[in-house]
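The values are calculated or read from the model by the stated rules, or taken from the named source; none is laboratory data. In this text the structure is predicted, and so the values were computed from the model without any measurement. Ideal geometry is used to build each Cβ from the backbone, glycine not excepted, and the neighbour counts take in all protein chains shown. Just so you know, the surface numbers come from the protein's heavy atoms only, side chains and all, with ligands and any DNA or RNA stripped out. Shrake-Rupley method; radii C 1.70, N 1.55, O 1.52, S 1.80 Å.
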Amino acid sequence: MLDADFFRRWMTATAASVEREAERLTALDSPIGDADHGSNLQRGFRAVAATLEKEAPDTPGAVLVLSGRQLISTVGGASGPLYGTLLRRTGKALGDAGEVSAEEFTEALRAGVAAVMALGGAAPGDKTMIDTLVPAVDALGTGFAAARTAAEQGALATTPLQARKGRASYLGERSIGHQDPGATSASLLIGALAEAAGE
């Protein structure tokens with residue numbers, strides 16, 4: 001069973017991973033975006049980690065709702081609302097339970113991903129974070145390590161795609177050949193999940 005502590009570890013591991021990879025995220029964002037994806041997410045997840053240190057929500061759902069709210073209020077651009085929605089919707093789907101099973105978490109995360117798709121209007125193949133999140137959730141039933149592998153492969157698979165959503169879509173065919181920064185940061189989030197689970 002997964003408790004509030006597990007979800008705090010997940011958010012802290014994500015913050016550390018974003019901290020390490022911020023420059024790479026910004027470098028990926030440079031040719032096809034505003035060159036601020038790394039610094040935006042760095043600011044957001046630093047705020048999440050600081051908030052969770054001060055406040056200690058005692059249910060998995062509360063940890064994620066608080067983290068999502070923090071991202072929405074501190075991250076500029078599209079990534080704040082998208083990541084914030086992902087975590088808040090997942091947290092709300094988990095409800096008030098003190099512990100949740102891996103199956104319950106998988107279904108809640110699926111609801112979170114659906115909310116992101118509804119908000120951004122993106123589908124798999126549009127060269128966005130959805131290309132990472134959908135295969136990751138599908139693989140989560142097999143385990144956290146499988147989800148991480150699926151997420152990493154999903155992010156890499158965005159390179160040959162033409163962007164159909166987001167800032168990169170304005171470039172048309174020039175977006176081809178660049179790995180999507182949002183798909184890459186989403187793979188860090190899923191990788192941190194495996195880390196929190198000790199896999």
Just to confirm a number: summing +1 for Lys and Arg and -1 for Asp and Glu over residues other than residue 65 whose beta-carbon lies under 10 angstrom from that of residue 65, what do you get? +4
Using Cα-Cα distances under 8 Å and only pairs 6 or more residues apart, what relative contact order does the range 50-149 have, in percent? 21 percent
Count the net charge of all other residues whose Cβ sits under 15 Å from the Cβ of residue 191, scoring Lys and Arg as +1 and Asp and Glu as -1. -1
Accessible area per residue, 1.4 Å probe, Å², for the range 1-44: what's the number? 44 Å²
With the cut-off at 1.5 for a/c, could you classify the chain from its C-alpha gyration tensor as rounded, prolate or oblate? prolate
In nm, spacing of pseudo-spin labels at residue 174 and residue 56 (7 Å Cα→C-beta vector): 5.2 nm
Cα centroid distance between the range 131-199 and the range 24-67, in Å? 16 Å
What distance in nm separates the simple spin-label points at residue 73 and residue 35, each placed 7 Å from Cα in the Cβ direction? 3.2 nm
On full extension of the chain, what length is gained from residue 162 through residue 114, given 0.36 nm per residue of separation minus the C-alpha to C-alpha distance? 15.1 nm
Work out from phi, with θ = phi - 60° and the Karplus expression 6.51 cos²θ - 1.76 cosθ + 1.60, the ³J(HN,Hα) of each residue of the range 34-40, listed in order in whole Hz, and give x for Gly and Pro. 9, 6, 9, 4, x, 5, 4
Quick check: from the Cα gyration tensor, does the range 37-129 come out rounded (a/c under 1.5), prolate or oblate? oblate
With each run of n ≥ 4 DSSP H residues scored as -39500 (n - 2.57), what mean residue ellipticity at 222 nm is computed for the chain after dividing by its residue count and rounding to the nearest 500 deg cm²/dmol? -23000 deg cm²/dmol
Using a cut-off of 11 Å between beta-carbons, work out the net charge of the residues near residue 33 (Lys and Arg +1, Asp and Glu -1, residue 33 not included). -3
